[in-house]
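Shown next, in structure tokens, is the structure this report addresses.
Bear in mind these aren't lab numbers, they're just calculated from the coordinates by the rules spelled out. All figures in this text were calculated on a predicted structure; none of them were measured in a lab. Because the Cβ atoms are built from the backbone with ideal geometry, glycine has one as well, and the counts that use them run over all protein chains shown.
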Amino acid sequence: MSSTESSTYEGFTAEERAAMKEHAQEQKKAARRRSRADKAAQDMRDVLAKIAEMQHPDRLLAERVHAIITTSAPALAPRLWYGMPAYALDGKIVCHFQPAAKFQTRYAMLGFSDQANLDGGTMWPAAFALTEVTAEVEARISALVKQAVS
């Protein structure tokens, strides 16, 4: 096998395909909802159910991150995004929690989209690895989500 053959694109991983299928199901489900209140309530139930499905330690991290975000930035609406808990403002994803098990990574991540007001100079972090939610981490997450929606 030549070096060009070994570096060719081989398609999406099984985890990526599963995330895309989840996203398509989320979109279909959202289209069937009748009212905005029904949608918000169902979105919250979907996020909590997805968190409950997670294995330890992802579940513990997701529960804490969810509590911090919903308390610190109540304007953010919880919803699923590619099968992950996410938080939107005016229908646009601002941040999301990616469990380590989702894509078989070493650690969970808290990611921010380009909708988040986190700009700082010419380069800034848009995702943070999470291994534990300490008081210091909780304060940092709270400050980040508050800034993200400011």
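As a calculated quantity, the FRET efficiency between Glu138 and Glu10 at R0 = 41 Å, using C-beta atoms, amounts to about 0.55. Sequence-distant contacts, meaning Cα pairs under 8 Å at least 6 residues apart, place the relative contact order of the chain at 21 percent. Ordering Phe128, Tyr87, Ala41 by the projection of their Cα atoms onto the charge dipole of the chain, which places +1 on the Cβ of Lys and Arg and -1 on the Cβ of Asp and Glu, puts Ala41 at the extreme positive end.
Coupling constants for the range 123-128 follow from the phi torsions by the Karplus curve (6.51 cos²θ - 1.76 cosθ + 1.60, θ = phi - 60°), and in residue order they are 7, 8, x, 10, 8, 10 Hz; glycine and proline get x. The H on the amide N of Phe128, modeled in the peptide plane, is under 5 Å from the matching H of Leu110, Gly111, each at least 5 residues off or on a different chain. Here the range 1-140 is assigned +1 on the Cβ of each Lys and Arg and -1 on the Cβ of each Asp and Glu. Its dipole about the Cα centre then comes out at about 720 debye.
Residues of the range 85-102 with an amide N closer than 12 Å to a point placed 7 Å from the Cα of Ala30 along the Cα-to-Cβ direction: 86-94. Rounded to two decimals, what is Rg over Rh for the chain when you use alpha-carbon atoms and the Kirkwood radius? My calculation puts Rg/Rh at 1.01. Taking packing as the residue-averaged number of other Cβ atoms within 10 angstrom, the listed peptides 114-123, 18-27 run from highest to lowest as 18-27, 114-123. On the basis of the beta-carbon distance and an R0 of 25 Å, Gln147 and Thr122 show a calculated FRET efficiency of 0.90. Under the simplified labelling scheme, the Gln55-Tyr107 pair shows an inter-label distance of 2.0 nm, with each label point 7 Å from Cα along Cα→Cβ.
Amide H contacts under 5 Å for Trp81: Ala86, restricted to partners 5 or more places along the chain or on a different chain, H placed in the peptide plane at 1.01 Å from N.
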